[in-house]
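Engineer: For reference, the structure I am asking about is given below.
The values are calculated or read from the model by the stated rules, or taken from the named source; none is laboratory data. Bear in mind that the values here come from a model prediction, so they are computed numbers and not experimental data. Note that each Cβ is placed from the backbone with ideal geometry, even for glycine, and that neighbours are counted across all protein chains shown. These accessible areas exclude ligands, DNA and RNA; they are computed on the full protein's heavy atoms, side chains included. Shrake-Rupley method; radii C 1.70, N 1.55, O 1.52, S 1.80 Å.
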Amino acid sequence: MTDAHTGPLDPAETPVPRVLCDTTALAAVASAPAGALWRLTEPGRQLDANLVRIPPDGRIDTHTEPDLDVLLLVVTGDGTLDAARDPQPLAAGSLLWLPHGSTRSLTAGNDGMSYLTVHRRRPGMQIKTRPRA
């Protein structure tokens, strides 16, 4: 795999800071589909990150994240965070902390909304044997 900014990526190399993408430019593409526009995929990482687009008036349904705290940064557009308390308006630049165990939903405004999420990496799925009774 290569990175347009830094050349070949080799997990055996010493880790170095680098620019991964321009989130504003990715989120500004009018024809971009809904869903994940970008994902952090570097090997050996301790974090997961995603740039997500919600179409105009679209919604991420109510859900609860039981295990992970999440930081969410609105990159473009606007919308509303619906949580246990009053709905909170969101605009580009809004930075949210979504603590684990919290219930929330997101609704995009008339122009849609793109946001970056960052959280601890989830461990890979593991197949376990069933305990014998």
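Engineer: Could you list all residues from segment 96-116 that are assigned to a loop (DSSP other than H, G, I, E, B) and either in contact with an Asp or Glu (Cβ under 7 Å, 6 or more places away or on another chain) or surrounded by 15 or more Cβ atoms within 10 Å (Cβ to Cβ) (or both)?
Structural biologist: P99, H100, S102
Engineer: Could you look through segment 85-95, keep only residues that are open to solvent by less than 70 Å² (accessible area, probe 1.4 Å) and not in a strand (DSSP E or B), and pick out the one that is nearest to A108 (Cα to Cα)? Show your work before the answer.
Structural biologist: Our first condition is that a residue be open to solvent by less than 70 Å² (accessible area, probe 1.4 Å); within segment 85-95, this holds for 90-94.
Next cut, not in a strand (DSSP E or B) only: 92-94.
Details: A92: 12, G93: 14, S94: 13 Å.
Only one residue fits best here, namely A92.
Engineer: Against the definition (of a type in the set (S, T, N, Q) and either touching a Cys at 6+ places or on another chain (Cβ under 8 Å) or modelled with pLDDT of 95 or more (or both)), how does S94 come out, yes or no? If you could, list the steps in order and put the result at the bottom.
Structural biologist: Values: of a type in the set (S, T, N, Q): yes; either touching a Cys at 6+ places or on another chain (Cβ under 8 Å) or modelled with pLDDT of 95 or more (or both): yes.
Taking the combined requirement at face value, the residue satisfies it.
Engineer: Answer yes or no: is there a residue in segment 125-133 that is in a strand (DSSP E or B) and modelled with pLDDT under 95. Please lay out each step first, then the result.
Structural biologist: The initial filter retains those residues of segment 125-133 that are in a strand (DSSP E or B), namely none.
Scanning segment 125-133 turns up no residue that is in a strand (DSSP E or B) and modelled with pLDDT under 95.
Engineer: Hey, which of the strands (runs of 3 or more DSSP E) in segment 22-84, taking only ones fully inside, have at least 1 residues that are closer than 19 Å to G109 by Cβ and without any contact (Cβ under 8 Å) to a residue 24 or more places away in the chain?
Structural biologist: On the way: elements: 35-39, 47-54, 59-64, 70-83.
Ranges flagged: 35-39, 70-83.
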